[in-house]
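S.K.: Okay, here's the structure, questions in a sec.
None of the figures in this text is laboratory data; all of them are computed from the coordinates on show. Please read all numbers here as calculations on a predicted model, not as lab measurements. No Cβ is skipped: glycine too gets one built from the backbone with ideal geometry, and neighbour counts run over all protein chains shown.
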């Protein structure tokens, strides 16, 4: 499949490389067509990897991953152009983290709203699925690195077809279906985004991001 | 030990009964000395159980459990009187849930502050330990009902001695030490209180409160 990865940070690189490894064609989008980090990622990932602006990437992708900083996501998607987004699935792994007041970051939006909801409202033609935003990126694309993959990922979104498509991609990453919990519509992204404060403090307590939470019942 | 349980709701009843079972003397505190729910709890729990006002209970207890609704906690503790709180450990299992806008509740305080911190600020003589607030009360006092107790409880607080005392009580409830994660000072209660939104949505998705999250690493 042709997939757009929006964002050139560690999350974008990790997800982009894994998608290439799985046989997809991936265009990494950034503000400029010749972003150096994206160029380096393309050099590493071979012929199925390419780069462009956010607009180029969105036009290219049949499915999109939002790997931008949460505070920039709405602006990035606006620059991609609604016509390049309409009808497509956006897997939103971003979090509305505010680093401006130091560490650990707080959230720019939470409690009675979420970034996932804001993106869905701003781009009603997109099928937004909040997913994989509750863990370190290495684990997003390779859950089996911990406890044979037996820990939990959450998904939230209004469109059942888009959630099914997201599950397919997650299965390819190594997620077992029974470890993916569908919380409901996109408003449930409040729950997963608000998991970040304990994620950050657990990360600080353990000194590593290689952990996740498993639902035990 | 003489322990005060502040609050007559399901959480207070459950914790109070378990403490009685473990051999402690427990006074359940409420707004009035003759609260009917507390009286019923006393009748069920025998000679080591008693009831009184919040002030009576705080005066009685060497250690206190805050099992009141989060929105009422500061007022309840104020009515208990600083002299009855000073130097004592308060295990705070409450959450700042706002039910006024319907279900699921939002939080009255979060992100850059927490109820745990507000209680600590309002009553500097108390040694506040946020604990056990991330799960259903049945599980708080009996972790072994799920997966041999192998799931995670978090503690937050400024006083190391108070956290050690809290661990002792939790051990008696059945918590293994390796399943108790000390996140740090009381500001880390932001993390555990903000776990409530995903807890509430997971509860809705599963249709039961008999679940918890396990840290997998």
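S.K.: Relative to the other copies, what are the label-point distances for residue A:83, with labels 7 Å from Cα along the C-beta vector, expressed in nm at one decimal and sorted shortest first?
M.R.: Label-point separations across copies, in nm and ascending: 7.8.
S.K.: Averaged over peptide A:198-208, how many Cβ atoms belonging to another chain are found within 10 Å of each residue's Cβ?
M.R.: Whole-number average of other-chain Cβ neighbours for A:198-208 is 5.
S.K.: Between copies, how far apart are the residue B:62 label points? List them in nm, one decimal, shortest first, with each point 7 Å from Cα toward Cβ, please?
M.R.: Distances to the matching label points in the other copies: 6.9 nm.
S.K.: Over chain B, what is the relative contact order in percent, taking alpha-carbon pairs closer than 8 angstrom and at least six residues apart?
M.R.: 17 percent
S.K.: Restricting to chain B, what percent of DSSP beta bridges are antiparallel, rounded to 5?
M.R.: 15 percent
S.K.: Moving on to the next point. Among B:175, B:136, rank each residue by its count of other Cβ atoms within 10 Å, from fewest to most, as a rough exposure measure.
M.R.: Arranged by neighbour count, lowest to highest, B:175, B:136 become B:136, B:175.
S.K.: Given the DSSP H assignment, sum -39500 (n - 2.57) over each helix run of at least 4 residues in chain B and divide by its residue total; what's the result at 222 nm in deg cm²/dmol, nearest 500?
M.R.: -10000 deg cm²/dmol
S.K.: How far apart are the residue B:23 label points across copies, placing each 7 Å from Cα toward Cβ, in nm, shortest first?
M.R.: Here the equivalent label points are 6.4 nm apart from this one.
S.K.: Express the Stokes-Einstein translational diffusion coefficient of region B:2-206 in µm² s⁻¹, to the nearest whole number, given a Kirkwood radius over alpha-carbon pairs, 4 °C and a viscosity of 1.567 mPa s.
M.R.: In µm²/s, the coefficient is 77.
S.K.: Can you give the convex hull volume per residue for the Cα atoms of the protein assembly as shown, as a whole number of Å³?
M.R.: Spread over its residues, the Cα hull of the protein assembly as shown gives 130 Å³ apiece.
S.K.: Per residue, how big is the convex hull around the C-alpha atoms of region A:75-129? Give it to me in cubic angstrom, could you?
M.R.: It comes to 83 Å³ per residue, whole-number rounded.
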